[in-house]
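The values are calculated or read from the model by the stated rules, or taken from the named source; none is laboratory data. Remember, predicted model here, so these are calculated numbers, not experimental data. Here the Cβ positions follow ideal geometry from the backbone for every residue, glycine too, while neighbour counts run over all protein chains shown. These area figures cover heavy atoms from the full protein model, side chains too; ligands, DNA and RNA do not enter into them. Shrake-Rupley method; radii C 1.70, N 1.55, O 1.52, S 1.80 Å.
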Amino acid sequence: MTREPLERWIGGPAMIIGPVLLLTGILLRAPFPFFFPHQLTAAVEHPALLTAAYTCVLAGTVLLWPAVLTLAARIAVRLPAWGAWGAVLVVTGLFERTFHAGFDQAAIDLVRRRGADFATTFIAQAYGDLHLFSYLSFTILLGWIVLAIGAWRSGALHKVRCLALAAMSLMPLGVLKGTTVMSIVGAIGLCVALVPAGISLVFSGPRPNARTIRLTMAAIPAVGLLAYVSTLG
């Protein structure tokens, strides 16, 4: 059965690319110790590698929201409440991880301008400050479990993939966190859960026609131009 275009061409690719980018970023920063002083030191000693790592993690995190909504929609066909709550909790957790990524970027920029010692002292002093997401950190862990249970009970994913999806709850949270074994397990679990589903979804209907391909190719340079213009503000 042919899937809806938005689900097939947005949700499907997001299921593939998002987890792969997240895993890539986590592996790129694996050589460096976990806690923020070491991450900031690595930003001085290996700036390009740390930038690539954190950028991949951020991009993967952002791309997960359409992937999660696509899976939640499948769950909601049979279990609307599980689909809705799974989506709300996971997407809220993704918002929080994106918030943390902004703090990561600011800290890395601070290293470049004021040095690792200054940035480390600042982060240590500000680390416990309260903000909105301080009260929502539970969503990062609980959301994936709820989504996995919903996927299992509804039959949206195979049981093994549901268990792999739940492994995302093992991934550490917070500012300037490096890579642990649990990070790698969670990211690999996400790939196992979502990438095959994304591939199946993309290939679930007819191939795009020539007109659609031409329009897509024409849109690529336009999007690139808009991306460049966005950096000027």
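One compactness figure for the chain is 1.09, namely its Cα radius of gyration divided by 2.2 N^0.38 Å. Shown is the FRET efficiency for F203 and F35, computed with R0 = 45 Å from the Cβ-Cβ distance and rounded to the nearest 0.05: 0.60. If a/c stays under 1.5 just call it rounded; otherwise compare a/b with b/c (prolate if a/b is bigger, oblate if not). Do that for region 113-233, with a ≥ b ≥ c from the square roots of the Cα gyration tensor eigenvalues. Here region 113-233 falls in the oblate category.
For H46, H100, write out the residues from largest to smallest accessible area, computed with a 1.4 angstrom probe and no ligands counted.
On the way: H46 80, H100 15 Å².
Putting H46, H100 in descending order of accessible area: H46, H100.
Shape call for region 81-153 from the C-alpha gyration tensor, a ≥ b ≥ c root eigenvalues: rounded (a/c under 1.5), prolate (a/b greater than b/c) or oblate? Don't jump to the answer; show the numbers that get you there.
Values: a/c = 4.05, a/b = 3.00, b/c = 1.35.
Taking the square roots of the gyration eigenvalues as a ≥ b ≥ c, region 81-153 is prolate.
Rounded, prolate or oblate: which fits region 3-58 when a ≥ b ≥ c are the square roots of the eigenvalues of the alpha-carbon gyration tensor, with rounded for a/c under 1.5 and prolate only if a/b beats b/c? Here region 3-58 falls in the prolate category.
Shown for the chain are the DSSP H helices of 27 Å or more along their axis, judged by Cα atoms, with a mean Kyte-Doolittle hydropathy of at least -1.0: 47-78, 80-114, 181-202, 210-230.
Think of region 1-158 as a dipole: +1 on every Lys or Arg Cβ, -1 on every Asp or Glu Cβ, centred on the Cα centre; then among Y54, T70, A156, A156 lies furthest on the positive end. Compared with the direct C-alpha span, the chain from T98 to L27 gains 23.7 nm at full extension, assuming 0.36 nm per residue. Label-to-label distance for F118 and V181 is 4.0 nm, based on points extended 7 Å past Cα in the beta-carbon direction.
Calculate the dipole size of region 85-233 relative to its Cα centre from +1 charges on Lys and Arg beta carbons and -1 charges on Asp and Glu beta carbons; express the result in debye to the nearest 20.
Numbers: 11 positive and 5 negative charges, 125 e Å.
The calculated dipole for region 85-233 is roughly 600 debye.
Once the Cα-Cα distance is subtracted from the 0.36 nm per residue extended length, the A52 to R78 segment shows a gain of 5.3 nm.
Return the ratio Rg/(2.2 N^0.38 Å) for region 44-176, where Rg is computed over Cα atoms only.
Working: Rg = 17.3 Å, N = 133, 2.2 N^0.38 = 14.1 Å.
Relative to the rule-of-thumb radius for its length, region 44-176 sits at 1.23.
For the set M168, M217, the ranking by accessible area, highest first and with no ligand, DNA or RNA atoms included, is M217, M168 under a 1.4 Å probe. With both labels modelled 7 Å from their Cα along Cα-to-Cβ, the Y228 to R214 distance reads 2.5 nm.
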